[in-house]
Amino acid sequence: MQGPNATSRQTRRSGKDRRQSANQFPLSFIRLPEVIKLCGLSRSSIYAAINESNFPPPVKLNNARACAWVYGEVVLWMEERIRRSR
């Protein structure tokens, strides 16, 4: 008999694995307001999760401050959260 946490353990996927899986989606960037709408987290929660390696990091778009997220990586993160909650 396994303990209650036995089924909820997941191996952490590397950035490379996440990018390979994200290839099933059209390659597109989304900016922070759309990420917030898509996943339902606040700005501060998103950046806290990035710092803890629990959310896909943004991609720098230029040498200034502009950054965006890869749409497929955010969707895969959401799908993983759904799987973990079931």
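Identify, please: which residue in the stretch 47-86 is outside any helix (DSSP H, G or I) and among the charged types (D, E, K, R) and is, among those, farthest from SER28 (Cα to Cα)? Per the stated criteria, the residue is ARG86. Looking across the stretch 24-46, the residues that are assigned to a loop (DSSP other than H, G, I, E, B) and in contact with a helix residue (DSSP H, G or I) (Cβ under 6 Å, 6 or more places away or on another chain) come down to PHE25, SER28. Taking the stretch 1-57 as the range and being at pLDDT 95 or above and among the β-branched types (Val, Ile, Thr) as the test, the residues that pass are ILE30, VAL35, ILE36, ILE46, ILE50. Name the residue that is farthest from VAL75 (Cα to Cα), counting only residues in the stretch 36-64 that are in contact with a strand residue (DSSP E or B) (Cβ under 8 Å, 6 or more places away or on another chain) and among the hydrophobic types (A, V, I, L, M, F, W, C). Restricting to residues being in contact with a strand residue (DSSP E or B) (Cβ under 8 Å, 6 or more places away or on another chain) and among the hydrophobic types (A, V, I, L, M, F, W, C), the top hit is LEU61.
Annotation: of all residues in the stretch 30-86 being of a type in the set (Ser, Thr, Tyr) and exposed (fewer than 13 other Cβ atoms within 10 Å of the Cβ), the one that is nearest to the chain's Cα centre (by Cα) is SER53.
The values are calculated or read from the model by the stated rules, or taken from the named source; none is laboratory data. Keep in mind that what you see is a predicted model, and the values were worked out from it rather than measured. For neighbour counting, all protein chains shown are included, and Cβ atoms are generated from backbone atoms with ideal geometry for every residue, glycine included.
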